[in-house]
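The values are calculated or read from the model by the stated rules, or taken from the named source; none is laboratory data. All of these numbers come straight from a predicted model, not from anything done at the bench. Cβ placement follows ideal geometry from the backbone for every residue including glycine, while neighbour counts extend to all protein chains displayed. What goes into the accessible areas is simple: the full protein's heavy atoms, side chains included, and nothing from ligands, DNA or RNA. Shrake-Rupley method; radii C 1.70, N 1.55, O 1.52, S 1.80 Å.
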Amino acid sequence: MSQDGNLREDTEEAVPSVDSENPEERIAARRLRIAARSEAKKRQELGDDSHEKKDIKEEARKSQHQVEQSEKRMIKLQSDGTELVTNIQVAADSRESQRRTEVEEAHRLRVEKLENEAKSSLEKFEEITRKWTVAKMKEIPQDLRDSLSSQQQLCALLIEDKNKLIHELQKEMKLSDDRYVKDLKKQGEDVDLMIERMEDQVKFLMGSYRDELDQIENSFEHERKILLTGNRKKWEQYMKERQDKELENVMQRMKRVEEYEVLLQQLRTEDAEEYNMIKIKLDTDVQILEQQLQQMKATYQLNQEKLEYNFQVLKKRDEENTITKSQQKRKITRLQDVVNNLKIKCANQEKQSREENQNLTDDYTRIMQQYKHMQKKMRHFAAIDAKKFEEVWLMNEEEVKALVEKALDTDRLVHEQQLGLAWQRPPLAFMERCGPLQPQRQAQKTAHQAISELLRLGQTSGCSLGKGKYREAGAGPEAGVGPGAESPALAVEVYESGAGLESGSSEVERESEGSGGEHSGTVSVKMVKKLLELLCDEAGFLIESKLLKLLSPLEKDEQSLMKLDSIFTAMGIESEEDVYKLADFFMKYRHTQGEQTQDVSAKWGVASPQAERGEFTSSCSPTSDLIHPNDVLVALRAFTAHHCRPRELAASHQPSMLGLGGREDTEDAAYWEAMGDVIPEAKLKIWGALETALDKYHIVLTERSKFITDTQSLKQQNTELRMLLHQYVNSRVGVPVIASRGFVSRMCLLI
Amino acid sequence: MSKSPGAGMYPPVAKLNLAADPRKMRRIIAEDPEWSLTVVPLLSNLCLQCIVRNFEEKPILEELLPRHKDYVLERLSPSLPLQVTANLISDDGYWKRCCKQRWGLCDVSSYGHSWKRMFFERHLENIIELFIPDATDPKTVLGMVPLCRNYVKRLDISQLLPPIKEPQKSEDDDNSDSASDMGMDGPSMDHFDFGILLDKLSHLEEFHVVYRVKGCGMNFEWNLFEFTFRDCESLAKALKSCKTLRVLRIHQSKVDDEKCRQLVNNLLDHPSLRELNLSHNLIGDRGARAIGKLLNRSKLESLTVYDNNIRGPGAQAIAYALAKNSSLLSLNLRLNRLGDEGGQAIAQALLKNRTLKWLHLGGNEMTEPTATVLSQVLVQNNTLRSINLSCNRLGMDGGKVLEEGMCHNSSVVECDIRLTEVGQESDYCISQVVRNNQNQAHTKHNTEENLAQTSEHY
């Protein structure tokens, strides 16, 4: 059992894991898992049967145990047998090795012996050879014989020794031969014994194998029997159960069959009654239907005749229709021809018109070129004109200035010499100026500048609209009073600058600008700033996203400035005026929205600026909530709708002033007039009076001068006459005295 | 065998004496499955019979239908010339009949269950064993080569005949050694020259050869059992040329050191040699050194040199090679003269070697010092499965040391220490450990088998 446990452990260890790298092993592992799960399920279902199964397993184990045991036994028997058989071999081996050592030993001894022998025999041989020399020396025959015989003896001894050795060796050889034969025999016996043992072993092993096989078979048989009986018992039990169940089922079925038969009978009777009723009813129905059928047949015949007649009529009509159809067809073909013709014509026309169009486009381009050329020319001429204009202007101006100077001089002379009055030079600003008048519009600021300034101003103080505004607008003193209440220093400055700069400018212009100034002055800077911030927040959609990204690192004010700028460009607001218009519009909008009940809206157009301002300040500064953020967009839209119209108008009339000729000449007249009016009317009157007086004086003087000349001539005549007289007197006093008498009288008269 | 050709090749003339054969009078002959009442055989059968009769002149076999082919093969005579049949007939049944007719007793299991292979191997062996140098024409052997080349996988030559000598000479040289033979201008070769054969057998895997004469009886002469230098040279060259050889066995042939060296020199770096058996020879230390060299210059898995004359130095050479070797599985040095010197060297080599599974050191005059080193081996080495130390005088102390070593071992399943004079106690202990190891190995084996079965099942 312990072995079994081991086995199971081993299998558990060797079970393939799902996490293994080898895909086949993973598959195997999954399969095992599935099998285990299904088995577990089965076991749960069976429940009680598991016990029996366990028993069976136990017994199966028994047989397995038996198998293992016999296997072990057989292995042991086998190893024992082989040991028994190989024992002989081992013994032979050991004998052989022993023999080898012995042989080696004997060999060694033999070699030693032989060496010894060789040594001794060599000595003996040397002795003999020595003796030979001695014998040679001997001359006595007897001695020689003696020595020879001794030599012979010695030789015989030596040979005997050798022979003995040989004999010994031969004996040894024989011994070893014997031993070899014995060994051979022994080995043969060993082999026989081995074969015998092997056969015994084979027999024995066969027997034991058979025994073991029988035992194993028995155990399996036993197991099988147990299994069979168990299964049969179970089988019988199940069979019995089944039989019982079947019997029960049969009984139930019988019962049910009876019940159903009764029910069937009942149903049959009921159905029969019903059937009869229905049959009668249906019979009557059939009769009615037959009557109806007859009627229908009659109507059918009638209808058939009618239809036949209709059919004839329709046939006729059809024939007519075919005729008309053919006519129509013919007409269609004719019309088709016409259409084709028309198409061709149309194509031709198109071609012509295309050519015409081509010609016209060519003309157009040519005219455009001409136009451009003309424009260029016009510009050129305009430039030349302007130059000429300037030159003429300068010339005229110089002339006029000289004239003015002359007039002033004469005036001074008149005053000083004729009237004896002190003469004061009137202030003449335009005298310093030279060249044509430049339009003053440039002074107007762009919306952008206005905003930036506004924002800057808004930070420092809560003053009303910027000084730039007043300076530019040249606001009159009455405009400066309003804001002056809040920042007098600024107002004064504005006033001064405005007075200094614009004293010479025309009244008309000042008034027009002033009104704008007044208007813009109505909205306080703070409010405008707030409004702008509101706009900045609410109309963010008008700003490009790129711009927003670029703006992010800037300061808040600068950011809002840039945003406003972009918003205004999007809305088309360009100048500061527009900004204020917008602000104003917003305020109005709010009021129209919020204060309709007060009915102030009517007042807006007429009310004096002061009143407006008052209202603005009163309404805006405390509450400080402007237009509601939600209404900003609506208001904006309304503003753009309002604002755009005048803008369009302005745009339409802009191109005319595009060139250099687009100068304003309204001021010119004033300018020249101012030049002309350098001597005022009163003075002119004085001059008139002076002239008449001087005329009179002149007449008197001329008369006097005439008289003087008359007297002079008379005096001369007198003298002459005197002389003549004298002469006459002196010479002849006769005839001439008569002629000269008249003369002398005249002379006298003169004197 | 006699019955079927009789029934098939029945001559039409035999019909005349129908009555003579009692078989013909019977209506049904149950023991002959081909017997039928129709007296006239079918035309196809007649044709087939004709083919069978004239098979030698006109071998027609492959063109036939399978059914007819069987019929013809069943009736072909086993004595047909091999030139006709060798490469044409592959049916084992025919060759079985040939073998049975020629040798009677046959064990086909040792020939890979192929009768044809058996026939050709034994036929070639017979030819070589009866080859007499200078007397037999080498063409008798060479003529067989194209016929049997594809079927011969093993050659087991159990004898090689020497050349015939003139009678007076043989009488003269009765007692003389082979050295005197060598001097004369005798035969062109001393035994059959394998050089002409081995390189032509392209499927040869096993080659066993013994230079001796079988059954010489009272005509024994020393020179009948002579393996000369010339033989050695030609054999070595032949072995070198045979590239498919896996198993080589040269035993009982008086291979001494010089011949061993020559053989080994020619076997160095052999591409396929796996098993070398040089048992029952006269190899000494120098030969052993050569073998040691061969161990690491080849893919040898099994080396058997038992019953030789290897001593300590030779064993040291083999041990040196063994320490570096990683292919040898089995080593048999039984009945040599290793002594303690050699035994210790081998054991020390086993401390490093991790492939050897089977070791036989029986009858080597080893004693206690070898046993101490071997016990160390038993502790450290876990690849060794079987060790045989029988017939060594290990003594009581050696036994105890071995017992200690075995206590720490779990891989050795066979340990033979018979006739080693170890104490009974150690003997018992060692056998106990061995049995334990066997059981473990057995269970392991069983579980592996079970696993294999289950995996197959899935």
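Below is a table of values for the structure above.
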item	result
Given charges at beta-carbon only (K, R positive; D, E negative), |dipole| of the range A:165-274 in Debye	500
Summed residue charge, Cβ within 13 Å of A:D177's Cβ, Lys/Arg positive, Asp/Glu negative	+2
Unit charges at the beta carbon, dipole of the range A:64-238: most positive-side option, A:L213, A:I75, A:A92	A:A92
Residues B:S158 and A:V181, FRET efficiency given R0 of 30 Å [Cβ-Cβ distance, rounded to 0.05]	0.75
Potential lengthening between B:L130 and B:L329 on full extension [0.36 nm per residue; Cα-Cα distance subtracted]	68.0 nm
Unit charges at the beta carbon, dipole of the range A:79-170: most positive-side option, A:L114, A:F125, A:Q170	A:F125
In Å², nearest 10: area of B:F220 left accessible to a 1.4 Å probe	100
Extension gain, A:L428 back to A:N87 (0.36 nm per residue minus Cα-Cα distance, nm)	106.7 nm
Distance histogram for chain B (every C-alpha pair counted, 10 angstrom bins, percent rounded to whole numbers)	4, 16, 19, 19, 17, 12, 8, 4, 1, 0
Spatial extent of the range A:173-261: Rg and Dmax, with the Cα atoms as the point set, Å	37.0, 124
Span from the the range A:236-270 Cα centroid across to the the range A:326-405 one, whole angstrom	113
Separation of the B:W358 and A:K245 label points, Cα + 7 Å toward Cβ, nm	6.3
Solvent-accessible ranking of A:V257, A:V250, largest area first, probe 1.4 Å	A:V250, A:V257
Pairs of Cα atoms farther than 26 Å apart, the range B:305-436, %	11
Approximate shape of the range B:43-93 as ellipsoid semi-axes (Cα gyration tensor, √5λ), whole Å, largest first	17, 12, 9
Whole-angstrom gap from the range B:419-458 to the range B:69-132, using each part's C-alpha centre	44
Nearest-0.05 FRET efficiency for A:E274 and A:N310, computed from C-beta distance (R0 41 Å)	0.25
Those residues of the range B:281-322 whose amide nitrogen sits under 16 Å from the label point placed on A:R108, 7 Å along Cα→Cβ	B:311-312
Amide proton proximity set for B:C415, modelled H, under 5 Å, gap of 5+	B:I387
Coarse-grained scattering of the range A:64-238 at q = 0.17, 0.20 Å⁻¹, given as base-10 log I(q)/I(0) from a Debye sum over alpha-carbon atoms	-1.08, -1.23
R0 of 35 Å, Cβ-Cβ distance A:L264-A:E290: FRET efficiency to nearest 0.05	0.40
Inter-part distance where the range B:287-329 and the range A:186-232 are each reduced to a Cα centre, Å	42
Spin-label pair A:C155/A:E139, simplified geometry with 7 Å Cα→Cβ offset, distance in nm	2.5
Net dipole in debye of the range A:64-238 [+1 Lys, Arg Cβ; -1 Asp, Glu Cβ; about Cα centre; nearest 20]	120
Ellipsoid equivalent to the range A:680-728 - semi-axes via the Cα gyration tensor, in Å	45, 4, 4
Karplus (6.51, -1.76, 1.60) ³J(HN,Hα), θ = phi - 60°, over the range B:189-201, in Hz, Gly and Pro reported as x	8, 8, 9, 4, 8, 6, x, 7, 10, 4, 6, 9, 7
Dipole of the range B:43-93, positive direction: furthest Cα of B:V84, B:F55, B:L43, with charges on the beta-carbon	B:L43
Reachable lysines, given that their alpha-carbon falls under 23 Å from the alpha-carbon of A:K715 and they are not under 8 places away in the same chain	A:K706
Net dipole in debye of chain B [+1 Lys, Arg Cβ; -1 Asp, Glu Cβ; about Cα centre; nearest 20]	1720
Approximate spin-label separation A:H222-A:K556, in nm, with each point projected 7 Å along Cα-to-Cβ	10.4
Full-stretch length increase - A:T101, A:I34 - with 0.36 nm per residue and alpha-carbon distance subtracted	17.1 nm
In order through the range A:543-549: 3J(HN,Hα) via Karplus (6.51 cos²θ - 1.76 cosθ + 1.60), integer Hz, x for Gly, Pro	8, 6, 5, 4, 4, 4, 5
Solvent accessible area, Å² - A:K706, 1.4 Å probe, full protein context	130
Accessible area in the full protein assembly, largest first, 1.4 Å probe, for A:Y728, A:Y309, A:Y371	A:Y309, A:Y371, A:Y728
Neighbouring partner chain Cβ atoms per residue of B:325-335, average, 10 Å criterion	1
